[in-house]
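Have a look at the structure below, then the notes.
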Amino acid sequence: MRWRVGVLRSGAENIDWTDEREGGGWQDARDEAVEALCRRAEREGAQEFRLLVGEQEAYCWPGVTEAGELDLSNVRDIMPSRYRRG
């Protein structure tokens, strides 16, 4: 299953799809995409990110801690770990 990670950079109007790959099943593709999103967020900082696994899309805005460090605590939970149709 195909997955993609993108970032909407400050001042941009369109998502820049920066990472993509063909994974195995939905769960493997989701896990790979979330890891890629974490790595991308560490490089890009607090911006708007998109995650697309198959046809499921999720949005993420990592925050910044009081110490000024990137807070990725919400990233791993942006898409449910089990795919449900319906």
So Glu13, is it farther than 17 Å from Val75 by Cβ, loosely packed, with under 12 Cβ neighbours inside 10 Å and in contact with a strand residue (DSSP E or B) (Cβ under 6 Å, 6 or more places away or on another chain): no
task: Identify all residues within the stretch 42-56 that are farther than 15 Å from Arg9 by Cα and hydrophobic (A, V, I, L, M, F, W, C); write none if there are none.
output: Leu52, Val53
field: Selection status of Ala36, aliphatic (A, V, I, L, M), open to solvent by less than 80 Å² (accessible area, probe 1.4 Å), under 14 Å from Arg76 (Cβ atoms) and modelled with pLDDT of 90 or more
entry: yes
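The values are calculated or read from the model by the stated rules, or taken from the named source; none is laboratory data. Because the structure is predicted, anything quoted here is derived from the model rather than measured. Cβ coordinates were reconstructed from backbone atoms using ideal geometry, including for glycine residues, and neighbour counts include every protein chain displayed. For the accessible areas, the whole protein counts, side chains as well, though only heavy atoms, and no ligand, DNA or RNA atoms are used. Shrake-Rupley method; radii C 1.70, N 1.55, O 1.52, S 1.80 Å.
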